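Structure record follows, encoded as structure tokens.
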Amino acid sequence: MILYTPLPAELVLEGYESFRPEYIELDYRNGKLIVELISATEGRLVRLISPCPDDYLDPALQPGTILPLRLTPAEGHRRG
């Protein structure tokens, strides 16, 4: 990726090394959802993994969608 900007690289990339998102993997219908934790009760959908093409057409499963979370200790497998 090439980034054209008049700003110094140090300013553009500031904080890049310290950004460590935390992901969880949730079972959903026929597949899995990869969700980035935003808070204890919300997550942002990052990736959908499903064998069903209809799941990819569901607007509620678009990447970037904010999902309410109600996790129990047995749910969710932490990644990253």
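Please treat every number below as a calculation from the coordinates, not as lab data. Everything quoted here is computed from the prediction, not taken from an experiment. Using ideal geometry, Cβ is built from the backbone for each residue, glycine included, and neighbour counts are taken over all protein chains shown.
Observations
- Each stretch of four or more DSSP H residues adds -39500 (n - 2.57); spread over every residue of the chain, this sum gives -2000 deg cm²/dmol at 222 nm.
- Table column - 3J(HN,Hα) (Hz), the range 40-52, Karplus curve with 6.51, -1.76, 1.60, x for Gly and Pro: 5, 10, 9, x, 9, 5, 9, 8, 10, 10, 8, x, 9
- Each principal axis of the Cα cloud of the chain was evaluated for its coordinate range; sorted largest first, these ranges are 46, 31, 18 Å.
- With at most 12 other Cβ atoms within 10 Å, longest stretch of the chain clear of loop GluC sites (Glu not before Pro) (DSSP): 23-74
- Proximity of backbone amide H atoms, modeled 1.01 Å from N, is registered between Tyr28 and Leu33 at under 5 Å, excluding neighbours fewer than 5 places apart on the same chain.
- Per-residue Cβ neighbour rank within 10 angstrom, fewest leading, Tyr28, Tyr4, Tyr56: Tyr4, Tyr56, Tyr28
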